[in-house]
Amino acid sequence: MAPDPWLSMYDSTCHIAQEIAEKIQERNRCQRNGENSTKFNVTIRSLLQNLKVKIDQLKDLLLRAISTRQITQLEGDRRQNLVDDLLTRQRQLEASYKNDGTEPDVIRSNLMTGGVKRGVTNPWLLEETEETSGLGFGEIKQQQQRIIQEQDAGLDALSSVLSRQKQMGQEIGNELEEQNEIIDDLTNLVANTDDKLRSQTRHVKMVDKKSTSCGGGWILHSPHLEAGKRGVTERTFACSGVVCGKW
């Protein structure tokens, strides 16, 4: 899908406005140091004229898009707010250029924040921090590139940690599978042992039952010994031909 020409032109216009703010700051710094700022003044005037032309083109394209219903009314209102912000920035830039170094920090801060805000999100309208104060456009770009590189390095480190965590998780999963297999083997062993125990118990009960139900005979011997000797009575219990007890 091709980018919207209006939005592309709006981005380039915002870039011009930001470049003008940077040039005005550099010119004011030269003036405070007693250096010649003629070159900066010529460049700023040219950029201001270019900015005015771009804003007029944005207004014409927006009016045409709304009248031909190329965009919705809501989108038309949003873009109109963006154009109004650019017009406010243009007036601030022109005032800053004519002030010749008077209150440059206040004017630049207003330019960086976009003047009167209407609740519209614009990537170019940023609150300037102390880190970027006094830096040129190229220096700010280099600083942003360094920040991006540091973020990339942090993401690489995070990716390495996540990879290690994933590997550890896989190893733990494999260990759990092995433990589950051992538990299954133990369960089968216990079940087999229980079956054997039940079988032996039934066998013992059968033996005990047979031993209590087997037939037997009584053999009684009552010999009378000589006079003066004590009589002895002997009884013998035989079970299946085997002597089981004797008293």
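The values are calculated or read from the model by the stated rules, or taken from the named source; none is laboratory data. Computed from a predicted model, the values in this text were never measured in an experiment. Methodologically, a virtual Cβ is constructed for each residue, glycine included, from the backbone with ideal geometry; neighbour enumeration extends over all protein chains shown. Surface accessibility is based on the protein's heavy atoms, side chains included, excluding ligands, DNA and RNA. Shrake-Rupley method; radii C 1.70, N 1.55, O 1.52, S 1.80 Å.
Per residue, how large is the accessible surface of the range 169-212? Use a 1.4 angstrom probe and give square angstrom.
For the range 169-212, the per-residue accessible area is 95 Å².
Once neighbouring chains are kept in place and the probe is 1.4 Å, which whole percent of the accessible area of the range 143-191 is contributed by carbon and sulfur?
On the range 143-191, the fraction of accessible area on carbon and sulfur atoms equals 55 percent.
With every protein chain kept in the model, how would you rank MET168, MET206 by accessible area, 1.4 Å probe, largest at the top?
MET206, MET168
Just in the range 20-50: which GluC sites (Glu not before Pro) are loop by DSSP and have at most 12 other Cβ atoms within 10 Å?
GLU35
Find out how many positive minus negative residues lie around ALA157, taking Lys and Arg as positive, Asp and Glu as negative, among other residues whose Cβ is under 13 Å from that of ALA157.
Local net charge: -2.
How much net charge surrounds THR201 when only the other residues with a Cβ under 13 Å from the Cβ of THR201 are counted, with Lys and Arg +1 and Asp and Glu -1?
+2
Taking a probe of 1.4 Å, how large is the accessible area per residue of the range 1-68, in Å²?
56
Over the range 1-61, with every protein chain in place, what whole percent of the accessible area is carbon and sulfur at 1.4 Å, could you tell me?
53
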